[in-house]
Amino acid sequence: MTAQDCLVAVMIAVSASDERIRTSELVTIERIVNHLPVFANYDQGRTRATAEKVFELFAEEDGLDALFALIRENLPPHLFETAYALACDVGAADGKLGEGELRLLEEIRYELNLPRLHAAAIEWGARARHLTL
């Protein structure tokens, strides 16, 4: 997995965490991949294969642990906060965070060893970006 695949995997995992992938979440993932500089040279054809890998891992008993091992192994630590920010944006895309999404976000914070204050700031930013009238 490339670092970019890891970022996509985190977004897909959050979207799938409540066992329902919503259109708003898929549109958010596509928008992120199309616009953020970290994805400048990313082959978008890899998105489907990365999603399939996430789904395969989720079907395994220890699949989430395996996913985090892949992410820690292939994502540079300076992009851990980016991964969390993208995860929060995907989770907030449909206007609500379900129990499964909240649990996975908590697990991401733990597995990527993000300071609580940093995570709170990232969460607040995602919330602010996804408010509606």
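The values are calculated or read from the model by the stated rules, or taken from the named source; none is laboratory data. The structure displayed is predicted, hence computed values, not measured ones. Note that each Cβ is placed from the backbone with ideal geometry, even for glycine, and that neighbours are counted across all protein chains shown. Heavy atoms of the whole protein, side chains included, go into the accessibility calculation; ligands, DNA and RNA do not. Shrake-Rupley method; radii C 1.70, N 1.55, O 1.52, S 1.80 Å.
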**Study point:** Residue pairs meeting the criteria (Cβ under 8 Å; at least 6 apart or on separate chains; first β-branched (Val, Ile, Thr), in the range 89-101; second in a helix (DSSP H, G or I))
**Key:** Val90/Met11; Val90/Val14; Val90/Ser15; Val90/Glu25; Val90/Thr28; Val90/Ile29; Val90/Ile32
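From Thr2, Thr47, Thr23, grab the single residue that is surrounded by fewer than 19 Cβ atoms within 10 Å (Cβ to Cβ), of a type in the set (S, T, N, Q) and more than 26 Å from Leu133 (Cα to Cα).
Numbers: Thr47 fails: surrounded by fewer than 19 Cβ atoms within 10 Å (Cβ to Cβ); Thr23 fails: more than 26 Å from Leu133 (Cα to Cα).
Sole residue among the options that is surrounded by fewer than 19 Cβ atoms within 10 Å (Cβ to Cβ), of a type in the set (S, T, N, Q) and more than 26 Å from Leu133 (Cα to Cα): Thr2.
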Practice item. Tell me, please, whether a residue that is of a type outside the set (Ser, Thr, Tyr) and at pLDDT below 90 can be found in the range 28-41. Key: no
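Test Glu56 against the criterion of being of a type outside the set (A, V, I, L, M), assigned to a helix (DSSP H, G or I), under 14 Å from the mean Cα position of the chain (by Cα) and closer than 27 Å to Lys96 by Cα, and give yes or no.
On the way: of a type outside the set (A, V, I, L, M): yes; assigned to a helix (DSSP H, G or I): yes; under 14 Å from the mean Cα position of the chain (by Cα): no; closer than 27 Å to Lys96 by Cα: yes.
Spelling it out, it is not the case that Glu56 is of a type outside the set (A, V, I, L, M), assigned to a helix (DSSP H, G or I), under 14 Å from the mean Cα position of the chain (by Cα) and closer than 27 Å to Lys96 by Cα.
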Exercise for review: Residues being surrounded by 13 or more Cβ atoms within 10 Å (Cβ to Cβ) and out of contact with any helix residue (DSSP H, G or I) (no Cβ under 6 Å at 6 or more places or on another chain): count how many of those fall in the range 33-44.
Suggested key: 2
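Here are some residues: Val14, Val33, Val27. Which one is under 14 Å from Tyr84 (Cβ atoms) and part of a helix (DSSP H, G or I)? Before the answer, list the steps.
On the way: Val33 fails: under 14 Å from Tyr84 (Cβ atoms); Val27 fails: under 14 Å from Tyr84 (Cβ atoms).
None of the others qualify; the one that does is Val14.
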Revision key, fill the gap. Checked the range 82-133 for anything in a helix (DSSP H, G or I), open to solvent by 20 Å² or more (accessible area, probe 1.4 Å) and of a type in the set (A, V, I, L, M, F, W, C); matches are Ala85, Leu102, Leu117, Ala120, Ala121, Ile122, Trp124, Ala128
Exercise for review: Quick one: Ala59 ticks every box in (1) touching a helix residue (DSSP H, G or I) at 6+ places or on another chain (Cβ under 9 Å); (2) of a type in the set (A, V, I, L, M, F, W, C); (3) open to solvent by 80 Å² or more (accessible area, probe 1.4 Å) except a single one, so which number is it?
Suggested key: (1)
Review point. Can you name the residue in the range 51-106 that is more than 26 Å from Leu131 (Cβ to Cβ) and of a type in the set (Phe, Trp, Tyr) and is also modelled with the lowest pLDDT among such residues?
Key: Phe58
